[in-house]
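Structure record follows, encoded as structure tokens.
All of the numbers you see were taken from the coordinates with simple rules; none came from a lab. Just so it is clear, the model here is predicted, and its values are computed rather than measured. We place every Cβ from the backbone using ideal geometry, glycine too, and count neighbours over all the protein chains shown.
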Amino acid sequence: MRIPRIYVDLPLAENQTFDLPDPAFQHVCKVLRCKENHPVMVFNGTGGEYTATLCQVEKRQAKIHTTAYHALQNESPIKVTLGQVISRGERMDYAIQKAVEAGVHQIQPLFSERCEVKLNKERLHKRQQHWQQIAISAAEQSGRGVISQVLPAMMLSDWLPSRPESLKLTLHPHAAQPISDLSYVSGDIAVLIGPEGGLTEKEVQDSMQHQFQNIVLGPRVVRTETAPVMALTAINLLWGDIK
């Protein structure tokens, strides 16, 4: 029996009954066709999850009753902030989804000189909501108890001087230093990934002035939406929780 895993933006406790939010109701009861007494898992992004059961399933609503709480220990020990220049269409969706699955802490969408995406304020707000929902769905699927935050988009030139991380990396296909040669002891990490056309030379130089180090992941050039999962996997393999 498939047990759906559901994110709810509500306070949770053991032995609690509450109305299933409408988006979750549509997915669980309409799409998956789960009936009354079907087991589910629920979490609210605070780190753990609850076993629960669907109850009082009606035409337009349902309730959930929680039972036992389970602590989760599957968050990466390294908090990585991903600075991802916005790419077109589903590429950005893919980058966010896979970054969350790979354990990213938060994602900062960026505009750069070669970014081909142009959005007004209203459309940008809608895109951020869309990206956050992708992060939620990826957390549901991957078993994470924490939701990676997708921050409001900003200019790369404003983001670079704001980063406090102890290690700051720029993925550059022509860099001389492989990621495995880096000296890292502890602390948070920032990773900058450019657009389809790459960062300009000036943007690379600006990043270096703000203590970003150019690194390469390997001998092959990867797409902008592939780079996040490769970088996060390498970081967690070298210093994190991939053994």
Item to check | Helical mean residue ellipticity (222 nm; -39500 (n - 2.57) per DSSP H run of 4+; nearest 500) of the chain | outcome: -8000 deg cm²/dmol
Item to check | Subset of Lys79/Lys118; Lys79/Lys243; Lys59/Lys98 violating a 23 Å alpha-carbon distance limit | outcome: Lys79/Lys118; Lys59/Lys98
Next on the checklist: With just the Cα atoms defining each centre, how far is segment 2-41 from segment 135-180? Give it in Å.
Outcome noted: 31 Å
Checklist outcome for this item: Cα pairs beyond 15 Å in segment 5-71, in percent, come to 42 percent
Checklist outcome for this item: Phi angles of segment 11-20, converted by Karplus (6.51 cos²θ - 1.76 cosθ + 1.60, θ = phi - 60°) into ³J(HN,Hα) in whole Hz with x for Gly and Pro, give x, 10, 8, 5, 6, 10, 10, 8, 6, 6
Item to check | Mean separation of Cα contacts under 8 Å, 6 or more apart, over the residue count of segment 80-239: relative contact order % | outcome: 32 percent
Checklist outcome for this item: Here the membrane-span-like helices of the chain, with no claim about any membrane, defined by DSSP H, Cα axial extent at least 15 Å and mean Kyte-Doolittle at least -0.5, are 227-239
Checklist entry - Rounded to the nearest whole Å³, what is the per residue volume of the convex hull around the Cα atoms of the chain? => result 143 Å³
Item to check | Stretchable slack from Glu113 to Lys30, in nm (0.36 nm times residue separation minus alpha-carbon distance) | outcome: 25.5 nm
Checklist outcome for this item: For segment 5-71, averaging the sequence separation of alpha carbon pairs under 8 Å that lie six or more residues apart and dividing by its residue count, the contact order in percent is 39 percent
Checklist outcome for this item: Given the candidates Gly89, Ala102, Ser76, the one whose Cα lies deepest towards the positive end of the charge dipole of segment 74-119, counting +1 at each Lys or Arg C-beta and -1 at each Asp or Glu C-beta, is Gly89
Item to check | Selection from Val42, Pro164, Thr233, by position along the positive dipole direction of the chain (Cβ) | outcome: Val42
Next on the checklist: How much of the pair distance distribution for segment 1-113 lies past 21 Å, counting alpha-carbon pairs only, in percent?
Outcome noted: 50 percent
